[in-house]
Amino acid sequence: MSTVTTEPRGAGADARWRDLDHLRRTSPMSDAVLDEVRGRHIRSGDHWLIDFASCNYLGFDWDAEIMDAIAPAVRQWGTHPSWSRLIGNPRIYPEIEERLAALLGAPDTLLLPTATLIHASVIPVLAGAGHVFVEARAHKTVYDGCVSARGQGARLRRFRADRPGELDAQLRGTPHDGPLLVCLDGVDSMSGDIPDLPALAGICREHGATLYVDDTHGFGVIGERTAQETCPYGSRGNSVVRHTGESYDDIVLVGGFSKAYSSLLAFLALPSALKEYLKVTAGPYLYSGPSPTASLATALAGLSVNDRRGDTIRADLYRKTTRVLDHVRALALDAHGTTGFPIVEFPLSDTADLDDVVRFLWDEGVYVTVAAYPLVPRARVGFRVQLTALNSDEDIDLLNDVLSRLAERAVLRRRG
């Protein structure tokens, strides 16, 4: 008789599993079942909360024009075009890719279901038997893709984006006996910080390396800088490459529609020749089921809404974010993410207070993303809030009041 093991083997893995299981069992904000959603107000059981855990930054998930695009598309294509992309592509795919390439100012784009699938399949293809350099705080899914590349013959090293000289020295000392691939986040998913992309891109070009940027959070929020921009996010929401004034030379950009555009879809911005190569080498294109018709329809409709109303929405989102950040500064909190992007991370003074802090937030009706170890390093255990266009000024009033009361309890880390 065989036995099914329900716990990971090894003391380290077992400890990590126990920490996460404790979070799952004890935190009302982990593995939660939500019974009703009304914009950014959510109900679990009989308890209503304001949602500051959503990444639907532009509020497209409740945009009537976008929702109205679903039924016609479903009547045309059915609920799910269940071919892999290698087998068949409804016309809506190339329509989105062409519109997206024009928005990004990229040579071409390739749509795949999720950024996680892209990282897992494309990073090993780009790395080959060469060298991969992954930024120390890159998203876990990026790191997992790099580990997969290592398992397929690439050599893996880490670097810090805030120490560009470190990357330069590593690339300078690496033999050019295979591809050189440098992987990092555009907008950091926990803090909202943006790296010095021009400096890092320049180093990569000098050494013949490809820079692979995951900007799933930045896409839709930050964009090109112009004299006519309505807020410091820039214009058009066309991602970190345009926001930092960079070109796509030797850069592969990964973005997602699942955040700002509220659709289950992701993409690569890349040269056309690489796109054609990935069509025969990337697993999700060859084997994966596609995104549902509803996601394809809402992504396409979202691009139209972005063209007409996106900058107005982003300006209001920036205003609301600034209200929170001004309050955080007044409280002298050591919060990460004070660059203006609508993500703010709040580390705790004592990680042992996490359960009590989460319960307090829940009781006060504030729903957040809990940042527990090993999801984050122990020094950054706490919680994260995301602001969206659908959060009202009254929502932000409540959030700021709750932050003030947590600061009075001295459970949030302060500056200095």
HN-Hα couplings for the range 267-279 via Karplus (6.51, -1.76, 1.60; θ = phi - 60°), in whole Hz with x for Gly/Pro, come out as 8, 10, 9, 6, x, 4, 5, 5, 4, 5, 5, 5, 5
Using per-residue counts of other Cβ atoms within 10 Å, averaged over each peptide, order 204-214, 389-399, 156-166 from highest down. 204-214, 389-399, 156-166
How large, in Å, is the chain by the Kirkwood hydrodynamic radius built from its alpha-carbon pairs? 22.5
Could you derive backbone 3J(HN,Hα) for the range 242-257 from the dihedral phi with the Karplus parameters 6.51, -1.76 and 1.60 (θ = phi - 60°), listing whole Hz in sequence and x where the residue is Gly or Pro? 6, 4, 8, x, 8, 9, 8, 4, 6, 10, 10, 9, 10, x, x, 8
Given H placed 1.01 Å from N in the peptide plane, which residues other than close sequence neighbours of L180 have an amide H under 5 Å from its amide H? H131, T210
Linear extension gain, Y287 paired with D68, 0.36 nm per residue minus alpha-carbon span: 75.8 nm
Of all accessible heavy-atom area on the chain, the percent that carbon and sulfur account for (1.4 Å): 51
Spacing of the two label points (7 Å from each Cα toward its C-beta) at A332 and A136, in nm: 2.8
Express in whole angstrom the spacing between the alpha-carbon centres of the range 224-263 and the range 147-170. 25
So which lysines pass the test for K275, namely a Cα distance under 28 Å, with those fewer than 8 places away in the same chain ruled out? K140, K259
So if I place +1 on the C-beta of Lys and Arg and -1 on the C-beta of Asp and Glu, and nothing else carries charge, what would the dipole magnitude of the chain be about its Cα centre? I want it in debye, nearest 20. 760
Output the relative contact order of the range 19-148, whole-number percent, from Cα pairs under 8 angstrom with separation of 6+ residues. 10
Putting +1 on Lys and Arg Cβ atoms and -1 on Asp and Glu Cβ atoms, find which of H336, V411, Y287 reaches farthest to the positive end of the dipole of the range 277-416. Y287
Rg/Rh over Cα atoms for the range 254-298, Kirkwood Rh, comes to 1.01
D_trans [Stokes-Einstein, Kirkwood Rh over alpha-carbon pairs] for the range 20-88, 20 °C, 1.002 mPa s, µm² s⁻¹: 139
Environment charge of H217, counting only residues whose C-beta is closer than 11 Å and scoring Lys/Arg +1, Asp/Glu -1: -4
Let me check against my output: what whole-number percent is the relative contact order of the chain, with C-alpha pairs under 8 Å and at least 6 apart? 22
hull vol. (C-alpha, convex hull) per residue for the range 7-146, Å³ -> 226
For a label point 7 Å along the Cα-to-beta-carbon line of T351, residues of the range 123-157 with backbone N under 20 Å: 136-141
Run the helix sum for the chain: -39,500 (n - 2.57) per DSSP H stretch of 4+ residues, divided by residue count, reported at 222 nm to the nearest 500 deg cm²/dmol. -12500 deg cm²/dmol
Table column - 3J(HN,Hα) (Hz), the range 57-63, Karplus curve with 6.51, -1.76, 1.60, x for Gly and Pro: 4, 8, x, 5, 5, 10, 7
Sketch the reach of a paramagnetic label on A102 as a point 7 Å from Cα along Cα-to-Cβ, and name the residues of the range 235-279 whose backbone nitrogen lies under 16 Å away. 236-238
Determine, for each peptide in 265-278, 72-85, the mean count of other beta carbons within 10 angstrom over its residues, then list the peptides with the highest first. 265-278, 72-85
For the range 113-272, the Cα convex hull volume per residue in Å³ comes to 108
Isotropic mean projected area of the C-alpha convex hull, the range 289-347 (nm²): 6.0
So, for the Cα atoms of the range 257-385, Rg and Dmax in Å stand at 19.8, 54
Cβ charges +1 (Lys, Arg) and -1 (Asp, Glu), total dipole of the range 238-310, debye: 300
Can you list residues whose amide H is under 5 Å from R158's amide H, if they're 5+ apart or on another chain and H is modeled 1.01 Å from N? V134
Treating the range 124-196 as a set of equal point scatterers at the Cα positions, no solvent, please give the Debye-formula log₁₀ I(q)/I(0) at q = 0.12, 0.16, 0.26 Å⁻¹. -0.30, -0.53, -1.19
Which residue, A199, L171, H217, has the largest displacement toward the positive end of the dipole of the chain when charges sit on each Cβ (Lys, Arg +1; Asp, Glu -1)? L171
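The values are calculated or read from the model by the stated rules, or taken from the named source; none is laboratory data. Just so it is clear, the model here is predicted, and its values are computed rather than measured. All Cβ positions, glycine included, derive from the backbone under ideal geometry; neighbour counts span all protein chains shown. Accessible surface is based on the protein model in full, side chains and every heavy atom, while ligands, DNA and RNA are left aside. Shrake-Rupley method; radii C 1.70, N 1.55, O 1.52, S 1.80 Å.
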